[in-house]
Amino acid sequence: MERGQVVQLDRGYPLVAVGDGAPVRCEHATALMKAGDLRATVGDRVWVSRPADHDNAIIERIDPRSSSFVRRDPAERTVPQVLAANFTRVIVVEPAVQVNERRLERELVLAHQTGVAVSVLLTKADLLSGPDEVRRLVERVSALAGPEVEVRAFSVRDAAGAQAVRSWFAADELCVLVGKSGVGKSSLVNTLAGRQVMETGAVREADGKGRHTTVSRAIVQLPGAGRVIDMPGVRGLGLWDALEGIEAAFPDVASLARACRFRDCAHEGEPGCAIEAALAEGRVAPERVASYRGLLAEVRETDRRREEARRLRGEKSSDQQRARGAASSGRARYNGRRTR
């Protein structure tokens, strides 16, 4: 067997780079398919064989992941979907002309849940009125994202700004770009690569919106820098096992929650609730608390559905606990990387 890395995932068929040769198209081994719901995703380190009687190579084994970007599968409410693996930074991409704060909060939860460094990039900054508006926007988003998340504005017309963003892509970094369709992820990759490596679509001048162009998840090597995973625009951002991500994305509200009188406080009028007290005194924004409550309720509902599905399948609780423990160990290795 040969060891390689999945560099592209297109319609479920991974392309695996093995050695210095061209990537080979692969399928999963039958034994791997029967063993569980683990499937190779872009960034995975895998072991492949090349049977003489097969058109495709065979993925026989997937190495443990150091990090993974996971959402709830849009088609299955009790199943996770891993979109990328083994990266060292998540860059959340939002358009400067139309920042959706509620979506950004959700993206930050999922990004923090991976345990790696998190950054926010505000694209198409040239559509704003000028440097003062850009500065105010960066300050507003920085306040929302928290002190551990670096926020930058970017325009393909700003060479100096592009060079500053390039510092995120050190030679040993594999970064993943997360954002909805048309926010400028592919334009960013092309700018950093210095050539057209990703297809881009037209952008409306009025609101800076583009159309969906990227159709597969792929790793792109940046000349003289690291690598980046450009993913198709992610619409559904259902949370999966994301309590740590919520605490990291809402450190202000989470710190209040830890000061509540009761450990199981639901923050809905219980006596001694520190969040309710902070709301009454104006020390925390009601919108932040509402988002925190909503995302926390979503995770708890997903956990309830998971437990119900597990019982129906006849699985043991210890099986699920071992799976969560393995995921947590991968995140723990990267906790120290959340720096500016």
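The values are calculated or read from the model by the stated rules, or taken from the named source; none is laboratory data. In this text, all values refer to a predicted model and were calculated from it rather than measured experimentally. As a convention, Cβ positions derive from the backbone with ideal geometry for all residues, glycine included, and neighbour counts pool all protein chains shown. What goes into the accessible areas is simple: the full protein's heavy atoms, side chains included, and nothing from ligands, DNA or RNA. Shrake-Rupley method; radii C 1.70, N 1.55, O 1.52, S 1.80 Å.
A compact table of results
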quantity	calculated
Kyte-Doolittle mean at least -0.5, axial Cα span of 20 Å or more - DSSP H helices of the chain	131-145
Protection proxy ranking of 113-120, 49-56 - average other beta-carbon atoms within 10 Å, highest first	113-120, 49-56
Size of electric dipole in the chain: Cβ of Lys, Arg +1 and of Asp, Glu -1, about Cα centre, debye, nearest 20	300 debye
Amide proton proximity set for GLY238, modelled H, under 5 Å, gap of 5+	ARG72
Karplus (6.51, -1.76, 1.60) ³J(HN,Hα), θ = phi - 60°, over the stretch 73-85, in Hz, Gly and Pro reported as x	4, x, 8, 9, 5, 10, 10, x, 10, 8, 9, 7, 9
Mean ellipticity per residue at 222 nm, deg cm²/dmol - from DSSP H runs of n ≥ 4 across the chain, formula -39500 (n - 2.57)	-10500 deg cm²/dmol
Which label in (i) 17.4; (ii) 18.4; (iii) 19.5 gives the computed mean projected area of the Cα convex hull in nm²	(iii)
Whole-Hz couplings from phi, Karplus 6.51/-1.76/1.60, listed for the stretch 250-255; x for Gly and Pro	10, x, 5, 6, 5, 5
Accessible solvent surface per residue of the chain, calculated while the other protein chains remain in place, 1.4 angstrom probe, Å²	49 Å²
